[in-house]
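I have placed the structure first, in the form of structure tokens, so that the comments after it can refer back to it.
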Amino acid sequence: MVIKTDYEGEIHSLDDLAGETIGAQVGTTYVEQLNAMGIFPEIRNYDTLADMMRDVSLGRIVAGVGDAPIMGYQLSQGRFPDLQLAEGYEQQMVGHIGLAVAQDNTELLEQLNASLAKLKEDGTVEAIFEEWGL
């Protein structure tokens, strides 16, 4: 979740923003999950996370929900100096990211899975996240 750096108050869960207008990227699972909660009068949909972050920056919405690595990267690049990831927020909506391979290409799938496991195990994934501010 991204908010303005001068946001007054603490955000630990989405319930802390009940009654506020928030945003999410269209086509993501966040839109459906936020709507299902029924606590927001309006959930604005954005084509890109950058568009959503711009509206948080301009005060058009109180917060934006999206993939933390992508928003964290944008913040680390100085694109939105008046925004931050909500420090006390505990992620409630979990999404999964996957790689797709042709169903009959089991060899490639095995290679990908083995490579990913090795990169996680030896700390490379964590090092990449740290390098890019994720």
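The values are calculated or read from the model by the stated rules, or taken from the named source; none is laboratory data. A quick note: this is a predicted structure, and the numbers were derived from the prediction, not measured. The accessibility values were calculated without ligands, DNA or RNA, using every heavy atom of the protein model including side chains. Shrake-Rupley method; radii C 1.70, N 1.55, O 1.52, S 1.80 Å.
Quick look at the values:
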| item | result |
| --- | --- |
| Long-range amide H partners of Gln25 with built H, under 5 Å | Tyr46 |
| Within a Gaussian network of the chain (alpha carbon springs, distance under 10 Å), most fluctuating of Gly59, Gly23, Gly123 | Gly123 |
| Residue-averaged 222 nm ellipticity for the chain, from DSSP H runs of 4+ at -39500 (n - 2.57), nearest 500 | -11000 deg cm²/dmol |
| Segment 10-63 shape via C-alpha gyration tensor axes, a/c threshold 1.5 | oblate |
| Solvent-accessible area, 1.4 Å probe, carbon plus sulfur percent, for the chain | 49 |
| Accessible surface, per residue, of segment 1-132 when the full set of protein chains is kept, probe 1.4 Å, Å² | 65 |
| Normalised contact order of segment 53-134, rounded percent, pairs of Cα under 8 Å and 6 or more residues apart | 34 |
| Distance histogram for the chain (every C-alpha pair counted, 10 angstrom bins, percent rounded to whole numbers) | 11, 36, 29, 17, 6, 0 |
